[in-house]
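The values are calculated or read from the model by the stated rules, or taken from the named source; none is laboratory data. Quantities reported herein were computed from a predicted structural model and do not represent experimental measurements. Using ideal geometry, Cβ is built from the backbone for each residue, glycine included, and neighbour counts are taken over all protein chains shown. For accessibility, only protein heavy atoms count, side chains too; no ligands or nucleic acids. Shrake-Rupley method; radii C 1.70, N 1.55, O 1.52, S 1.80 Å.
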Number of protein chains: 2
Amino acid sequence: MPRPYNLPMGYYQRHVFFCLNSREDGSACCACHNAAEMQQHAKARIKALGLNGEGRIRINKSGCLDRCSEGPCVVVYPEGVWYTYVDEHDIDEIVDRHLVKGEVVERLRI
Amino acid sequence: MPRPYNLPMGYYQRHVFFCLNSREDGSACCACHNAAEMQQHAKARIKALGLNGEGRIRINKSGCLDRCSEGPCVVVYPEGVWYTYVDEHDIDEIVDRHLVKGEVVERLRI
């Protein structure tokens, strides 16, 4: 898992935030797009790969990331690469290519 | 506001996540340390400084960052610098020195 940009090692090698925000007014929101289930899917996959924990990868829940109209969205730090997704196949590609191998998945980028 | 490590510009220049996790079993958690109020304080201060929004600074809520025993905790990306805090004076120092000026506040670092 290459470390991007020669950054000093962080507490997590990659820290991923899934927006789980829900809006009650009917406007676009990540929660309407299965975000909670997709976050759990990513977290379980990272754990199954033995890549969770300090020095490795953390899959986090977050509040509104304020890119609602482009969502559902997720951001990977320290790179600051943003993705959208439709289903668990997209999540698997982000996990397997970006989080594990350090490749940006251009087709899902926002 | 200097950009660290020659990273390419992200959607946010700095993206800050406050752990707001609450634990019901009495063990250490960030919510027990006024985390929600401190996140709102930071968010309001950034807005008052006119530094919120795309290309600038986002103060976010997050789920458990999994450093509970060292909390309450907050992480600043893309640098990946982690802090703890006691009260709004600490938050002000993180905002004014790190988020605005790009200086790491060593005394609050975890």
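Excluding ligands, DNA and RNA and using a 1.4 Å probe, chains A and B jointly bury around 1900 Å² of accessible surface, summed across both partners. Inter-chain neighbour count for B:56-62: the average number of beta-carbon atoms from partner chains within 10 Å of each residue's beta-carbon is 4. Each copy carries residue B:93; placing its label point 7 Å along the C-beta direction from Cα gives inter-copy distances of 4.7 nm, listed from smallest up. Of the solvent-accessible surface of chain B, computed with a 1.4 Å probe and all protein chains present, 47% belongs to carbon and sulfur. Under 25 Å of direct C-alpha separation, and excluding same-chain neighbours fewer than eight residues apart, residue B:101 reaches these lysines: B:43, B:47, B:61.
Placing +1 on the Cβ of each Lys and Arg and -1 on the Cβ of each Asp and Glu in chain A, which of A:18, A:50, A:63 has its Cα farthest towards the positive end of the resulting dipole? The residue sitting farthest along the positive end of the dipole is A:50. About the centre of its Cα atoms, chain B shows a dipole size close to 480 debye [charges on the beta carbon of Lys, Arg (+1) and Asp, Glu (-1) only; nearest 20 debye]. Among the cysteines of chain B, those with no neighbouring cysteine Cβ under 4.7 Å are B:29, B:32, B:64, B:68, B:73. Dividing the mean sequence gap of close Cα pairs (under 8 Å, 6+ apart) by how many residues chain A holds gives a relative contact order of 33 percent.
In the assembly of identical copies, residue A:24 has its label point, taken 7 Å from Cα in the direction of the beta carbon, separated from the corresponding points by 2.2 nm (ascending, one decimal).
Mean per-residue shielding of peptide B:75-81 is 6, counting Cβ atoms of other chains within 10 Å of each Cβ.
Per-residue 3J(HN,Hα) values for the stretch A:12-20, derived from phi via the Karplus relation 6.51 cos²θ - 1.76 cosθ + 1.60 with θ = phi - 60°, read 10, 5, 9, 10, 10, 10, 9, 5, 10 Hz in sequence order (x marks Gly and Pro). Coupling constants for the stretch B:57-72 follow from the phi torsions by the Karplus curve (6.51 cos²θ - 1.76 cosθ + 1.60, θ = phi - 60°), and in residue order they are 10, 10, 9, 10, 7, 9, x, 4, 8, 6, 10, 3, 6, 9, x, x Hz; glycine and proline get x. Estimated from helical segments only, the mean residue ellipticity of chain A at 222 nm is -5500 deg cm²/dmol, where each DSSP H run of four or more residues counts as -39500 (n - 2.57).
For the protein assembly as shown, the solvent-accessible area with a 1.4 angstrom probe is 46 square angstrom per residue.
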